[in-house]
Structure formats: C-alpha cells, structure tokens
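Participant: Sharing a structure with you now.
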Amino acid sequence: MRILASLLLLLSSTIACADYSEDARAVTMYASLRADYGFSDQDIDWVRQALAAAKQLPQLIVAEQTAKERTLTWDAYEPIHVNQTNIAAGLRFMRENRHWLARAETEYGVPPQVVTAVLGVETKYGSFTGRHRALDALATLGFDHPTRADFFRGELEQYFVLCRRNGFEPAALRGSYAGALGAAQFMPSNYLKLGVDFDGNGRVDLWSTADAIGSVANYLAHFRSNAEWQRGEPLYVTARVPDDWSSDMPRNGRAATLTVGALMHAGIELPQPLPAALPAGLVELKRGNGADYWLALSNFFSVMSYNPHVFYAASVAALANAIAHAQTAPSE
C-alpha cells in the first residue's frame, strides 16, 4: 500500500522527460547491446538519445500493479471479455480471416476460435492496440518499477534490438501500459523470438492481422517446451464437485501438475471420460453464489503462458467456447 501511495503521489507532479540515458543501469545496457547485438557507437548514441527523451509515466506502474486480472472477481472480469458484442465481432473476424486462421491451425494445431479469442481479449481483434508510447512505458517500468524493474529493463533492451532490426523509430510505436505491441500484444522479446511473417511480405508486423494470427498460434505452440499446444485437445472441461466436497487439492496453479485420475480420485466429477494419466489442473472460479470448477488441460496452461493469470486464460477459454458455440447455433 505504501508503494502505491507513493506512486499516486507522483502522479500529482508534472510529468516530464526523465532522462534515463545517464543512469548506471542504462550504461550497463549499452555495454550489453554492444557485446550481444553488435550495436555500433552510432547505434548507442541513437539509444542514448531515445532514453534522454523518454517520459516518466508513474501511472503505468500503478496500472501494471492493479491490472483487472489481478484485482477483479471472476463475476466482474468475465463479462468484460465474454459478451455478445465480442462474440459477434469474433464471428466476423473469423469469417474475414478464415484463410489465415485455417493455415495457422494446419501449421501449429491451434483452432481458429482460440487464436481469435486471444486477439479478442488482447485488443478487441486488433481495434485497440494501446495508446502509450512503448518507449515511455518500458523506460518507466524498467527504471522505476519497485519490484519488476529488471524484467522490464530487459524488455526495454530487446525493444531497441527490435527497433533497429525492423527500422522502427523508438518514439513512434504505441502499445499497452506494459509495453506490449501490436494486435497480438507481444512484449519485445517475444516479438523477436515468436513473431512470424505469416503473409510473406518480408517483415514481421504484429499490427498486421495475418502476422498477428500466425504469431499467436506460434506463441502457443512454441513458447515453452513444457506448455506446448496439444493438437486436438480442448482447453478445459467443466467439472462438478459434490455438495459436501472438501479438499486441499491445489487449484488455480500455472501448470498441469496433477492428472485426471488424481482429480477424479479426490471426488471431481466429469461430464465425459478422459484418460486417467492425462495432465490436468483444477480451476476454481469463485462467484457470488458459489464457484465454477473446471478441469484445465495442457492447452489451458499454454494460454496462461501468454498471461500468467487464471482469469485471463479462463476468459480466453470461455470466449473461444462461446464463439465455437455461436458458429454452430441455428440462425434465427
């Protein structure tokens, strides 16, 4: 609370250029860019000038620490993303981009409705990709964040690598409060590692719908070796617990550390049979009048690698399910 109070106090002051360029940590970054990425003296001057012009925006630290998936209840969070407007827009997005979505499924195994749902939750299908200069967001978080500065400063370094590689001007790109970029909202390091030139025009452009679709599918398939997309498996199945159920079974974790058999042994009831050895985890989504229980499979945790919060992955899964259901529903 003291940290947030201090940050809120900063908001009342005039926000100006912070000139991070002479910070000792920036000097270390220059050395890393030289040694690891071959930046020349001219390149380093370009980075230094960008850091000198970066604006300190402490409200972005507050936004990162109070993100909706951290602070809202499931009852409040779910309808932000899973609603009739988003479902209808998702169906339209799938019709307009059926070629790219079908190709992504063929190459990476990720169904069209899942890729669509990720883009729907991230940026409303590319319609809102962020209003903050990525340079300001990453510099503020990388030098001033009280607990995660090292992570964001690493992303800032990768941002300069990305800008040099793609010919971007550092001050020109806009993204999220955390510095995520494009319709797919990739952090700079993931843009470099997992972004794909899906339309074959010679550059990876995550503001391009085709590249965003291919990159989301590639991310889910290859981000982490122990969370790769399992072709043909669902994200989750709904589960039921007995009325008097009481268990210390772990829930809402970040990986499939249990098995279907272990969960069933603990009293979890499933609507369909699944192999007992299948990796799984228990998701509990508390509601005002109780809770929803899901048996989350490996693909649910692949989505969590995109954003490591249960509510995020649950909203993607629920939106994908709603879009798939709407596709098969008879027209009125």
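Quick note: the coordinates plus some simple rules give every number you see, no bench work behind them. Keep in mind the model is a prediction, meaning the values are calculated, not measured. Note that we place each Cβ from the backbone using ideal geometry, even for glycine, and neighbour counts take in every protein chain shown.
Participant: At 4 °C and 1.567 mPa s, grab the translational diffusion coefficient of the chain from Stokes-Einstein with a Kirkwood Rh over Cα pairs, rounded to a whole number in µm² per second.
Facilitator: Roughly 60 µm²/s, to the nearest whole number.
Participant: Another question, if that's okay. Local charge sum around S315 (other residues, Cβ-Cβ under 11 Å, Lys/Arg +1, Asp/Glu -1)?
Facilitator: -2
Participant: By how many nm would the segment from N289 to R254 lengthen if fully extended, with 0.36 nm per residue of separation less the alpha-carbon distance?
Facilitator: Taking N289 through R254 to full extension adds about 10.1 nm, to one decimal.
Participant: Another question, if that's okay. If you line up the long axis of helix 41-53 against the longest principal axis of the chain, both from Cα atoms, how many degrees apart are they, to the nearest 10?
Facilitator: So the inclination is approximately 80 degrees.
Participant: Ok, one more. Springs between alpha-carbon pairs under 10 angstrom, Gaussian network model over the chain: which of M249, M29, M94 fluctuates most?
Facilitator: M249
Participant: Another question, if that's okay. Can you work out ³J(HN,Hα) from phi for every residue in region 184-198, in order, using Karplus 6.51 cos²θ - 1.76 cosθ + 1.60 and θ = phi - 60°, giving whole Hz and x for Gly and Pro?
Facilitator: Karplus-based 3J(HN,Hα) across region 184-198 equals 8, 6, 8, 5, x, 5, 6, 4, 5, 7, 10, x, 10, 7, 6 Hz.
Participant: For the chain, take the longest principal axis of its alpha carbons; what is the angle in degrees between that and the long axis of helix 134-144, to the nearest 10 within 0 to 90?
Facilitator: Roughly 90 degrees between the two axes.
Participant: Helix 98-108 versus the longest principal axis of the chain: what is the Cα-based angle in degrees, 0 to 90, to the nearest 10?
Facilitator: Result, in degrees: 90.
Participant: Nearest 500 deg cm²/dmol is fine: what mean residue ellipticity at 222 nm does the chain get from its DSSP H runs of n ≥ 4 alone, each adding -39,500 (n - 2.57), divided by its residue count?
Facilitator: For the chain, the value works out to -16000 deg cm²/dmol.
Participant: Can you list the residues, at least 5 places off or on another chain, whose amide H is less than 5 Å from the amide H of R174, using H built in the peptide plane?
Facilitator: When sequence neighbours closer than 5 places are left aside, the close amide H contacts are A134.
Participant: Let me ask you something else. Report the paramagnetic label zone for L72: residues of region 270-312 whose backbone N is under 13 Å from a point 7 Å from Cα along the Cα-to-Cβ axis.
Facilitator: 311-312
Participant: Where both partners of a DSSP beta bridge lie in region 236-328, what percent of those bridges are antiparallel, to the nearest 5?
Facilitator: Around 95 percent antiparallel, to the nearest 5.
Participant: Right, next: Could you calculate the FRET efficiency of T328 with S32 from 1/(1 + (r/R0)^6), where r is the beta carbon distance between them and R0 is 51 Å, rounded to 0.05?
Facilitator: After rounding to 0.05, the efficiency reads 0.50.
Participant: Pop out the ³J(HN,Hα) list for region 304-315 in order, Karplus 6.51 cos²θ - 1.76 cosθ + 1.60 with θ = phi - 60°, rounded to Hz; leave Gly and Pro as x.
Facilitator: 5, 5, 6, 8, x, 10, 4, 4, 4, 4, 5, 5
Participant: Continuing with this model, one more query. Would you please give the residues with an amide H less than 5 Å from that of F186, counting only those at least 5 places away or on a separate chain, with H modeled from the backbone geometry?
Facilitator: Amide H neighbours of F186, under 5 Å, 5+ apart: L181.
Participant: To continue, here is another question. Hey, which lysines would be in cross-link range of K286, C-alpha to C-alpha under 27 Å, not counting anything within fewer than 8 residues on its own chain?
Facilitator: The reachable lysines, counting only those whose Cα sits under 27 Å from K286, are K68, K124.
Participant: Cα to Cα, under 18 Å, and not fewer than 8 places away if on the same chain: which aspartates and glutamates meet these conditions relative to K193?
Facilitator: Output for K193: D36, E107, E155, E157, D205, D211, E228.
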